[in-house]
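Worksheet: one structure, shown below.
The values are calculated or read from the model by the stated rules, or taken from the named source; none is laboratory data. The model shown is predicted, which means the values in this text are computed figures rather than measured ones. Neighbour counts are summed over all protein chains in view; Cβ atoms, including those assigned to glycine, are modelled from backbone coordinates with ideal geometry. Surface areas here come from the heavy atoms of the whole protein model, side chains and all, with no ligands, DNA or RNA. Shrake-Rupley method; radii C 1.70, N 1.55, O 1.52, S 1.80 Å.
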Amino acid sequence: MVKGTGGRWLVAALAASAVLTSGCTDSVDTEELPGVYRNDATGSEILLESDGTFSATDVSTGSLSGPADFSGRWEFVDSGSSSDFIYLTVDDGGLGRTDGIQLCTSGRGTVEFRTPDKSPSLELTRVAAP
């Protein structure tokens, strides 16, 4: 569910990021992807489960958007180049019209949302499970 009036900007930014297929720079080992990723400054968190499901809490990708909580399924997309990414398929109604979101992967234990100009808008770092 999108909270606050800034949620419209979040939906627009995430919709734009869903169509990006380039700009991710590092290949990763898919066995290492499941886990908790967090941005301590914003409180944003994404949990990638080993069964292919995910949940996102307090995700805000820009200064104009409010935080959103959503969930669904994730899959690793191996593009055959250095532009591999994680595709998050959002459950119906989770983000309004947005069906999916792309997270860029990094070999250093981070995932990033990207803005339409391909600059990182939110970086989340893998943390030890609580």
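I'm told residue 51 meets every condition in (1) open to solvent by 10 Å² or more (accessible area, probe 1.4 Å); (2) modelled with pLDDT under 75 except one. Can you identify the failing condition by its number?
(2)
Looking only at segment 105-122, which residues are over 15 Å from residue 47 (Cα atoms), modelled with pLDDT of 65 or more and assigned to a loop (DSSP other than H, G, I, E, B)?
Of everything in segment 105-122, those that are over 15 Å from residue 47 (Cα atoms), modelled with pLDDT of 65 or more and assigned to a loop (DSSP other than H, G, I, E, B) turn out to be 106, 107, 108.
Show the residue pairs meeting these rules: Cβ distance below 8 Å; 6+ apart or different chains; first residue within segment 39-52 and over 14 Å from residue 127 (Cα atoms); second residue of a type in the set (Phe, Trp, Tyr) and open to solvent by less than 50 Å² (accessible area, probe 1.4 Å).
As it stands, the answer is 52/74, since those pairs meet every condition given.
Do the conditions hold for residue 61, that is, is it in a loop (DSSP other than H, G, I, E, B), at pLDDT below 85 and open to solvent by less than 40 Å² (accessible area, probe 1.4 Å)?
yes
Restrict the check to segment 94-104 and report whether at least one residue is closer than 19 Å to residue 52 by Cα, at pLDDT 85 or above, open to solvent by 10 Å² or more (accessible area, probe 1.4 Å) and part of a loop (DSSP other than H, G, I, E, B).
Checked segment 94-104: no residue is closer than 19 Å to residue 52 by Cα, at pLDDT 85 or above, open to solvent by 10 Å² or more (accessible area, probe 1.4 Å) and part of a loop (DSSP other than H, G, I, E, B).
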